[in-house]
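Each remark here refers to the structure printed beneath this line.
We did not get these values from a lab; they are worked out from the coordinates using the rules stated. What you see is a predicted model; the values in this text were computed from it and never measured. Positions of Cβ are backbone-derived with ideal geometry, glycine not excepted, and every protein chain shown enters the neighbour counts.
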Amino acid sequence: MGPENVVKDSSLPVELPGSVSGHSFAIVVSRYHHSVTGKLLEGALATLAEHGVPDEQIRIAWAPGAWEIPIITQRLVQSEKYAAVLCFGCVIRGETTHDQYINATVSQLLGQLSLSGNIPIGFGLLTCNTLDQAVARSGGAVGNKGVETAQAVIETLKLIDSIDDVA
């Protein structure tokens, strides 16, 4: 039973609506594996536009690699200019275990920044075994994780705004 099939009953709790109009967004994108991260960025920008976010309300910061995403994100969060930050990177397993350290550290730091900064941070870090897997997840057969990340941030931001309005 999907949301369109739900019977509205006034005795049920009210779902919290929300909007992203008027909010500014920052996007941090890794230059490393640009052929992949550029597609994630394109998907996110298209999704933000579909939700009525004009280009003037979006700022893009290019990080050298995935490792640098948290420090750039921290500065953007600390600026208090943005309602949310979306982060995109791509780490592909190589011959060593470096990918595990990068992935674990970046994901933990972004989670901490979201909570300490009290804003949604979209986690669009692809952690793949091969370049083919990354391509499939950046607009290929598996979809575009940039779109999914933007959708999750928008939904979270709307919910936070609705909670703030009710509280």
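Below are the figures for this structure:
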{"read-out": "Ranked packing of 100-107, 139-146, 151-158, most packed first, by mean Cβ within 10 Å", "value": "151-158, 139-146, 100-107"}
{"read-out": "The chain: angle of helix 34-50 to the longest principal axis, Cα-based, in degrees nearest 10", "value": "10 degrees"}
{"read-out": "Total charge dipole magnitude, the chain, about the Cα centre, Cβ charges on Lys, Arg, Asp, Glu only, Debye to nearest 20", "value": "460 debye"}
{"read-out": "√(5λ) per eigenvalue of the Cα gyration tensor, the stretch 78-138, largest first, Å", "value": "26, 14, 7"}
{"read-out": "The chain: angle of helix 98-117 to the longest principal axis, Cα-based, in degrees nearest 10", "value": "30 degrees"}
{"read-out": "Cα principal axis extents for the chain, largest first, Å", "value": "59, 38, 28"}
{"read-out": "Compactness index (Cα Rg / 2.2 N^0.38 Å), the stretch 31-113", "value": "1.17"}
